[in-house]
Amino acid sequence: MKLRHKIILLAVVPLLLAFAGIAMAVFYQATFLAKQQRSTIEQAYIASKEAELKHYVTLGTAAIAHLYNSKQQGPATQEEAKKILAALDFGDDGYFYIYDMDGKNLMHPRRPDLVGQDLWNMTDPQGSLTIQNLLNKAKAGGGAIRYMWEKPSMHKVMPKLGYVVHLEKWGWMMGTGIYLDDVDTALNKIDVQVAKNIQSTMSWIAGIAIISALLIALSGLALNITESRLAEAKLKVLAQSVVSSQEDERARLSRDLHDGLSQLLVSVKLQIESGQVKLHQASAGPEAAKLSFARATDQLNEALSEVRRISHNLRPALLDDLGLVAAFEHLSDEFEHDSGLPVSFHASGDFHALDEIGNTVLFRVAQEALTNIHKHAQQVSHVNVHLLSDAENINLIISDDGRGFDIKGVANHPHRGIGLSNMRERLAAINGSLQLQSDTGGTTVTACIPNGDNQ
């Protein structure tokens, strides 16, 4: 996976995880609040139904109060009370019922088949003793109680909220009730609406997360396009720099061959021809010919030295034969001989981990730095070359005691600083770096590359 893809992934994944956490928290809180809301509404609904039933029972007891409190008591009085309560109903499923305290049904307007039956041991589908629970509630002072009973309009057993009282004088339990299926229906509607709201909220969160991820991806794509264009531009500049460096190197080789080696070879040719002529001239004698051949030999030696110098500049054989330290010692001695400036070379550490490319880069950087000192430095009396190796980096430090130069001015000048740019580019290719320090006390060039064990 490419680095830019990893960066986009590292931006998108935490965002999606954050949205997932938010969604989980919202879902948990919404579900918890929905349960609380349902419980509150249910309690309020049941409380209102209990109050309503209490009013119904109060109305029923008031309707038979003149009979219950009459001095003339008897079966006829109780029968009249039953008729009054049977006539008091509120809807198809709202009615009063009467039981004696032994569980016998005395009046049931919707279920006349139960009248006269002993329902003491009657149980609901859940196994609860329905009549006994109602009687116990009445004996305890009356009040609301939940139980299961058949709903007349549907002929199905439904949950019911009843309210019973104890009429001690007659030994009755009188009660009425409201079926709770309507309450459950209303609460289920609330649950459905809450579920829809939660689902809508989750959809909004998911939509925002997707849009955010797409925006990040598009931003990353735009950044990649921009970086690609910048990289292409830098690559073009680098390619032009490489071509320019190649042309400069070819021009330098051409000058070296034409101005140095070519002239030496021509001179050698002339000396040899002169010696041949003198050998055939009796008046010149062998000594004159010998002198011409000796000069030719000296010039051939100079030509060989020039060839070695050009070859050394192209690819120092010492790097391959004796290693980096020996190559730097030779480079320092050569610079001291050519420039007349004293050079102090010091090396410490192990350089065996440095590969061939690293050796060449450091050597070229040193060549460029020493060339800049020789061409541009002013009032230099001494040059120091330090090659240091530690566990992490290999450092090349080249310093002089000249007057220094304006680093920013050289860097911004269109026709100067090419050597410094070449050094930076060489080092950047192997993950290295170049640092410059220059003031009136001198200039220091520091090249740093990672040690071979850490690359």
Exercise for the section: Of the numbered conditions (1) within 24 Å of E79 (Cβ to Cβ); (2) open to solvent by 30 Å² or more (accessible area, probe 1.4 Å), G103 fails exactly one; give the number of that condition. Expected result: (2)
Practice task
Looking only at region 227-243, decide whether some residue is surrounded by 14 or more Cβ atoms within 10 Å (Cβ to Cβ), at pLDDT below 85, in a helix (DSSP H, G or I) and of a type in the set (S, T, Y).
Solution key: yes
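Going residue by residue through region 39-49, is there one that turns out to be more than 29 Å from V183 (Cβ to Cβ) and open to solvent by 50 Å² or more (accessible area, probe 1.4 Å)? Give the derivation first.
If we filter region 39-49 for residues that are more than 29 Å from V183 (Cβ to Cβ), which is where we start, we get none.
No, every residue in region 39-49 fails to be more than 29 Å from V183 (Cβ to Cβ) and open to solvent by 50 Å² or more (accessible area, probe 1.4 Å).
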Problem - Residue count for region 280-303, restricted to those that are open to solvent by 90 Å² or more (accessible area, probe 1.4 Å) and modelled with pLDDT under 70 - result: 4
Practice task
Scan region 119-133 residue by residue and report those that are part of a helix (DSSP H, G or I) and either under 20 Å from L85 (Cα atoms) or open to solvent by 70 Å² or more (accessible area, probe 1.4 Å) (or both).
Solution key: I131
Handout entry: Sole residue being more than 20 Å from L161 (Cα to Cα), of a type outside the set (A, V, I, L, M) and in contact with a strand residue (DSSP E or B) (Cβ under 7 Å, 6 or more places away or on another chain), chosen from Y56, Y68, Y97
Key = Y68
Handout entry: Every pair of residues 6+ apart whose Cβ atoms lie under 7 Å, when the first sits in region 23-47 and is under 14 Å from Q193 (Cα atoms) while the second is open to solvent by less than 60 Å² (accessible area, probe 1.4 Å) and of a type in the set (D, E, K, R)
Key = R38/D191
Exercise for the section: Answer with yes or no whether L370 is modelled with pLDDT of 85 or more, assigned to a helix (DSSP H, G or I), over 47 Å from the mean Cα position of the chain (by Cα) and under 15 Å from I397 (Cβ atoms). Expected result: yes
Problem - Residues satisfying the stated conditions in region 174-213, i.e. open to solvent by 30 Å² or more (accessible area, probe 1.4 Å), at pLDDT 85 or above and of a type in the set (V, I, T) - result: V192, T201, I208, I210, I211
Practice task
Take the residues in region 335-359 that are open to solvent by 40 Å² or more (accessible area, probe 1.4 Å) and part of a helix (DSSP H, G or I), then tell me which one is modelled with the highest pLDDT.
Solution key: E336
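Do we have any residue at all in region 134-143 that's in a strand (DSSP E or B) and either at pLDDT below 95 or open to solvent by less than 60 Å² (accessible area, probe 1.4 Å) (or both)?
Taking region 134-143 and keeping what is in a strand (DSSP E or B), we get 143.
With either at pLDDT below 95 or open to solvent by less than 60 Å² (accessible area, probe 1.4 Å) (or both) added as a condition, the list becomes 143.
Yes, region 134-143 contains a residue that is in a strand (DSSP E or B) and either at pLDDT below 95 or open to solvent by less than 60 Å² (accessible area, probe 1.4 Å) (or both).
Mind telling me which of the residues K54, K71 ends up being under 30 Å from A87 (Cβ atoms), exposed (fewer than 11 other Cβ atoms within 10 Å of the Cβ) and out of contact with any helix residue (DSSP H, G or I) (no Cβ under 8 Å at 6 or more places or on another chain)?
On the way: K54 fails: exposed (fewer than 11 other Cβ atoms within 10 Å of the Cβ).
Sole residue among the options that is under 30 Å from A87 (Cβ atoms), exposed (fewer than 11 other Cβ atoms within 10 Å of the Cβ) and out of contact with any helix residue (DSSP H, G or I) (no Cβ under 8 Å at 6 or more places or on another chain): K71.
The values are calculated or read from the model by the stated rules, or taken from the named source; none is laboratory data. The model shown is predicted, which means the values in this text are computed figures rather than measured ones. Don't worry about glycine lacking a Cβ; one is built from the backbone with ideal geometry, like all the others, and counts go over all protein chains shown. The area values use the complete protein model at the heavy-atom level, side chains included, leaving out ligands, DNA and RNA. Shrake-Rupley method; radii C 1.70, N 1.55, O 1.52, S 1.80 Å.
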